[in-house]
Amino acid sequence: MPKKVTAVALSMALIVLGTATLEAGHESSGTQPSAPSRDAGVAVVGDSLAWQADASIKSILSSLGQPFRGSVNPGHALSTPWAQETLRDDLHSGIYKVLVVETASNDAALAARGSVPVAEFESDLGRLAADMSGRCLVVMTAKVNVDLIYYRPSAAVEVNRAIRAVAAQHQNVRVIDWNRESEDHDSWFSADLLHLAPGLPGTVSANDPPSESTQTAADRAFALALRAGVDSCNASDAHEGV
């Protein structure tokens, strides 16, 4: 039976990492060709936002007709063992040409607490980009205007700066500017201004993200922004050899 954590506890301690209730994570597979070519698919590694929009992400990215894996685990940052292990698996599988990382909100919260400095996050991200040479890394920025006691806008700004710095240094990195994309769409967010409307459910199971029937306009907007990042990799292939 999947382990669960209440939404209240998750909202108050989203970045208190390593809790047993969230370690397992969730993986969802899209429709795959009968004989997928190596290094052709898309893998997503994300936190509670990707967890909320998992069904929409799966639907939209599966329409590419390529191998797809979505791994979502609320409360996890890039530096956490779960994220690092998942990324290694995706890299070493030889299936995924594009890898999407959506953990910046948790990275910003860790930076605000002083647990993982922004410089360490930038180093980890740069190392991942180097390991993905010849493939495309897509990174989503953190939303800056958030109303949570453990979240500092200044830390989110610094994490977003680090993401852009890595993108400037590595030709194979693309940035989804979720902060800018969402700034005029307050209706997409719950009261904390971070999680997608209508907010986290009463209980959150890492292995059981919301179903397709519960998806909202906010979930679909998030998934479409992610798809645009993936498309930017595909569009650049002919021009840059990524």
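Read the figures in this text as sums done on the coordinates, not as results from a lab. None of the values given here were measured: they were computed from a predicted structure. Positions of Cβ are generated from backbone atoms using ideal geometry, with glycine treated the same way; all protein chains shown enter the neighbour counts.
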In whole percents, the bins of 10 Å from zero upward hold the Cα-Cα pairs of segment 144-201 as 21, 43, 28, 8
Taking only the alpha carbons of segment 85-221, the radius of gyration and the largest Cα-Cα distance, Dmax, both in angstrom, are 15.7, 42
With the charge dipole of segment 88-147 built from beta-carbon charges (+1 for Lys and Arg, -1 for Asp and Glu) about the Cα centre, the Cα from V98, T141, A112 projecting farthest to the positive end belongs to V98
Segment 90-169: spread of alpha-carbon positions along the three principal axes, whole Å, largest first, is 41, 20, 19
Counting only residues 5 or more apart in sequence or on a different chain, those whose built amide H sits under 5 Å from that of G41 are Y96, K97, V98
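Around A111, with a cut-off of 15 angstrom between Cβ atoms, what is the net charge of the other residues, counting Lys and Arg +1 and Asp and Glu -1? Provide the component values of the computation, followed by the final result.
Details: positive: R113, K143, R152, R161; negative: D47, D107, E120, E122, D124, E158.
Net charge around A111: -2.
Can you tell me the FRET efficiency between S211 and I149 if r is taken as the Cβ-Cβ distance and R0 is 30 Å, rounded to the nearest 0.05? Display every interim value, and only then the final one.
Values: r = 31 Å, r/R0 = 1.02.
With R0 = 30 Å, the Cβ-Cβ based efficiency is 0.45.
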Per DSSP, the loop-located trypsin sites (Lys or Arg not before Pro) within segment 87-131 having at most 12 other beta carbons within 10 Å are none
Note to self: C-alpha centroids of segment 56-90 and segment 97-142 sit apart, in Å, by 14
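Within segment 66-164, which GluC sites (Glu not before Pro) sit in a loop by DSSP and count at most 15 neighbouring Cβ atoms inside 10 Å?
Sparse-neighbourhood loop GluC sites (Glu not before Pro): none present.
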Place a point 7 Å from the Cα of E183 in the direction of its beta carbon; the residues of segment 147-162 whose amide N falls under 13 Å from it are 157
